[in-house]
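Right, one structure below, let's go through it.
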Amino acid sequence: MPLGTFRRMPDVVLPVLDEAAALPAVLAGLPPGYRPIVVDNGSTDGSAEVARAHGADVVSEPRRGFGAACYRGLLAASADVVCFMDADGSLSGADLAAVADPVRAGRADLVLGARRPDAGAWPLHARLANRVLAAEVRRRTGVPVRDLGPMRAARRQALLDLGLVDRRFGWPLEMVLRAALAGWRIDEVEVAYAARVGRSKVTGTVRGTVRTVRDMTHVAGAVR
């Protein structure tokens, strides 16, 4: 597929749960032309209002879960290529083009952002869990991924056709496993990873990491 086939700039799905403090800078840092779709997953801090005030399209997903929010954003997207990115300030919108461009140019079907963390930005327990899960992906699929990170890009319709079913924290792993089984060309590029804004609700805590690993382990057993 030649460069320029996907002429419209990508949509960016930003799952959000109480990220009002981080959203202004996150939205301001997106590349020109990238449409932000903020999926409010039950925030109580005014995240939706902040997102609208800073130019984002906002949709609501009352069912709690990272995968539920990502899927709702995917449905709301209309661009040929869709990016996903955490909205807590840990990732930089400046890296989105590097992640999306191989998909837009037809060189890859799914591109993952392999995190290059600042000192102290990625807790050891979360990093070790990610390393184990990435090793399992390599073992099962032969795809040399190092990170199951939250910044990624793929074609919208192709993602819908994968039939992803997890609506919790197994969503990122299920996407990679099903994409590999479908013969997708999967690539990785390095992206910056900084300390998040505010208190982590997921992998920044041991409890959150355990919950994420549990969900991903369930998905790994289900996808064959």
Listed residues Ala119, Ala48, Ala195, most fluctuating in the chain (Gaussian network, C-alpha, under 10 Å):
Ala119
Put +1 on the Cβ of every Lys and Arg and -1 on every Asp and Glu Cβ in the stretch 11-222; which of Phe66, His54, Gly93 then has its Cα farthest towards the positive end of the dipole?
Phe66
Going fewest to most other Cβ atoms within 10 Å around each Cβ, Val39, Val137 line up as Val137, Val39
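Find the relative contact order for the stretch 52-110 and round it to a whole percent, using C-alpha pairs within less than 8 Å whose residues are 6+ positions apart.
Values: 20 pairs, mean separation 11.5, N = 59.
Worked out over the stretch 52-110, it gives 19 percent.
Would you mind giving the average projected area, over all directions, of the Cα convex hull of the chain in nm² with one decimal? Write down the numbers at each step before the final one.
Numbers: hull surface 43.2 nm².
For the chain, the mean projected area of the Cα convex hull comes to 10.8 nm².
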Integer Hz, Karplus 6.51/-1.76/1.60 couplings in order for the stretch 140-153, x for Gly and Pro:
7, 10, x, 7, x, 7, 10, 8, 9, x, x, 9, 7, 8
The stretch 51-147 - Debye-derived log10 I(q)/I(0), Cα point model, q = 0.16, 0.24 Å⁻¹
-0.96, -1.42
Check: C-alpha center the stretch 132-201 vs C-alpha center the stretch 31-90, spacing in Å is 18
Potential lengthening between Ala94 and Ala121 on full extension [0.36 nm per residue; Cα-Cα distance subtracted]:
7.9 nm
About the Cα centre of the stretch 11-222, how large is the charge dipole given +1 on each Lys and Arg Cβ and -1 on each Asp and Glu Cβ? Please answer in debye to the nearest 20.
700
Non-local amide H neighbours of Ala114 (under 5 Å, H modeled in plane, Pro and chain starts lacking H): which ones?
Val189, Glu190, Val191
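Only Cα pairs under 8 Å and at least 6 apart count here; give the relative contact order of the chain as a rounded whole percent.
On the way: 474 pairs, mean separation 52.8, N = 224.
It rounds to 24 percent for the chain.
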Using a 10 angstrom cutoff on alpha carbons, build the Gaussian network for the chain and name the most mobile of Gly73, Gly142, Gly46.
Gly142
Return the long-range amide H neighbours of Val81 (sequence gap of 5 or more, or a different chain), with a cut-off of under 5 Å between placed amide H atoms.
Asp11, Arg156
With θ taken as phi - 60° and the coefficients 6.51, -1.76 and 1.60, list the Karplus ³J(HN,Hα) couplings across the stretch 163-177 in order, rounded to whole Hz; mark glycine and proline as x.
x, 5, 10, 6, 10, 10, 8, x, 3, x, 5, 4, 4, 5, 5
Tell me, Arg63, Arg72, Arg199 in order of fewest to most beta-carbon neighbours within 10 Å?
Arg199, Arg63, Arg72
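Can you check what the net charge comes to around Ala56, using other residues whose Cβ is under 12 Å from the Cβ of Ala56 (Lys, Arg +1; Asp, Glu -1)? Please report the intermediate quantities before stating the final value.
Working: positive: Arg35, Arg52; negative: Asp11, Glu19, Asp40, Glu49, Asp57.
Surrounding charge for Ala56 is -3.
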Sort Glu190, Glu19, Glu61 so the one with the fewest other Cβ atoms within 10 Å of its own Cβ comes first.
Glu190, Glu61, Glu19
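Taken together, the values in this text are just the output of simple stated rules run on the coordinates, not laboratory data. Only a predicted model underlies this, so the values are computations on that prediction, with no experimental measurement involved. All Cβ positions, even for glycine, are placed from backbone atoms using ideal geometry, and neighbour counts span all protein chains on display.
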